[in-house]
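Notes follow once the structure below has been shown.
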Amino acid sequence: MTEHPSYGDGIAVVTVTYFPGETLEKFLDTLEKATDRDVQVVVADNASTDGAPEKAARRDNVKLLSIGENVGYGTAANRGVAELDDSYGWVVVVNPDLEWEPGSLDALLEVAERWPRGGAFGPLIHDLDGTVYPSARLLPSFGRGIGHAAFGKIWPGNPWTRQYRQETGTPVERTAGWLSGSCQLFRREAFDSVDGFDTRYFMYFEDVDLGDRLSRAGWLNVYAPSSSVMHIGGHSTSQASAKMLRAHHESAYRYLADRHRGLLWKPVMLAVKAGLALRLKLETRRK
């Protein structure tokens, strides 16, 4: 564990960009109405060349961290958080293709005050058409994970996927196994206590892994649907779908392999690896 200092009550937003386009401007415009507090924004950019991060940096409260290469989501987020001084005790890590509802960041902070052992807080996330995204889920146990992976695409209503996604009617404030990495408010003390995101994950499952490690360290992952944001999605990953599918399968295997070690699990993990490789081949063939 990394030693962490005492933090102040400041709030910062770290957004990881990769060719964000015009979505970044809308993200920053709506952020202004999401809270009455002053917010420091760090744009951690993974080598975009569309000019959007530089344009954003002209704003008074925005700092651009040009990483110079695509290091992935978790690594870039960690570097963005590391740019902040100790006055910032609250950090939002968020995708730039997201629009804030008025007062939504203040609503997240209000929930955080009610949960002193809360380490991560996730808002209700909805799509353009109002569909609520299942952003607060159970951790993927072996049975749930394999059932969801095997049948999620061809049988969306299967019991493993339903249980894993925790789609149970009206959203309520509650704890979860993990929260969507597209938008999370972190108590910085909690984030630093587990050294942030695991940098071995290039993309996908870094949020699942972090939620699990926060729980193991005694923190809570809290779903806060009194706060609402709209996620447009797809801007950074649509350019390289085959590469992203490969990253997803590699991350899924890493997550399971980290938690199922030893000789007894070896044949099971070999079978999982073969199954994921086959699924990847089938998925990329359809593209």
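The values are calculated or read from the model by the stated rules, or taken from the named source; none is laboratory data. Bear in mind that the values here come from a model prediction, so they are computed numbers and not experimental data. Reconstructed Cβ throughout: ideal geometry from the backbone, glycine too, with neighbour counts over all protein chains shown. Accessible surface areas use protein heavy atoms only, side chains included; no ligands, DNA or RNA. Shrake-Rupley method; radii C 1.70, N 1.55, O 1.52, S 1.80 Å.
How many residues are part of a loop (DSSP other than H, G, I, E, B), modelled with pLDDT of 95 or more and more than 22 Å from P53 (Cβ to Cβ) if we restrict to segment 1-32? Number of matching residues: 3. Anything in segment 204-235 that is among the hydrophobic types (A, V, I, L, M, F, W, C) and open to solvent by less than 10 Å² (accessible area, probe 1.4 Å)? List them, or say none. Once the filter is applied, which keeps residues that are among the hydrophobic types (A, V, I, L, M, F, W, C) and open to solvent by less than 10 Å² (accessible area, probe 1.4 Å), segment 204-235 yields V208, L210, L214, V222, A224, V229.
Residues that are small (G, A, S) and assigned to a loop (DSSP other than H, G, I, E, B) were ranked within segment 228-255; the one that is modelled with the lowest pLDDT is S236.
Considering only segment 77-84, I want to know if a residue exists there that is in contact with a strand residue (DSSP E or B) (Cβ under 8 Å, 6 or more places away or on another chain), assigned to a loop (DSSP other than H, G, I, E, B), open to solvent by less than 70 Å² (accessible area, probe 1.4 Å) and without any contact (Cβ under 8 Å) to a residue 40 or more places away in the chain. Checking segment 77-84: not a single residue is in contact with a strand residue (DSSP E or B) (Cβ under 8 Å, 6 or more places away or on another chain), assigned to a loop (DSSP other than H, G, I, E, B), open to solvent by less than 70 Å² (accessible area, probe 1.4 Å) and without any contact (Cβ under 8 Å) to a residue 40 or more places away in the chain. Looking only at residues of segment 89-99 that are touching a Lys or Arg at 6+ places or on another chain (Cβ under 7 Å) and hydrophobic (A, V, I, L, M, F, W, C), we find that the one that is surrounded by the most Cβ atoms within 10 Å (Cβ to Cβ) is V91. Being touching a strand residue (DSSP E or B) at 6+ places or on another chain (Cβ under 8 Å) and open to solvent by 30 Å² or more (accessible area, probe 1.4 Å) is a property that N61 has. Evaluate the following for L124: is it touching a Ser or Thr at 6+ places or on another chain (Cβ under 9 Å), surrounded by 15 or more Cβ atoms within 10 Å (Cβ to Cβ) and not in a strand (DSSP E or B)? No. When segment 39-52 is filtered for residues that are open to solvent by 10 Å² or more (accessible area, probe 1.4 Å) and either in a strand (DSSP E or B) or under 23 Å from L124 (Cα atoms) (or both), the ones remaining, listed by number, are V39, Q40. If the condition is being over 17 Å from the mean Cα position of the chain (by Cα) and either assigned to a helix (DSSP H, G or I) or β-branched (V, I, T) (or both), then segment 212-227 contributes only R216. If the condition is being more than 17 Å from the chain's Cα centre (by Cα), closer than 16 Å to I11 by Cβ and in contact (Cβ under 8 Å) with a residue 24 or more places away in the chain, then segment 105-141 contributes D106, A107, L109, E110, V111, A112. Scanning segment 30-44 turns up at least one residue that is within 20 Å of Y201 (Cα to Cα), touching a strand residue (DSSP E or B) at 6+ places or on another chain (Cβ under 9 Å) and small (G, A, S). Cβ separations smaller than 8 Å between residues 6+ apart or across chains give the following pairs from segment 8-32 residues that are acidic (D, E) to residues that are open to solvent by 20 Å² or more (accessible area, probe 1.4 Å) and in a strand (DSSP E or B): D9/W90.
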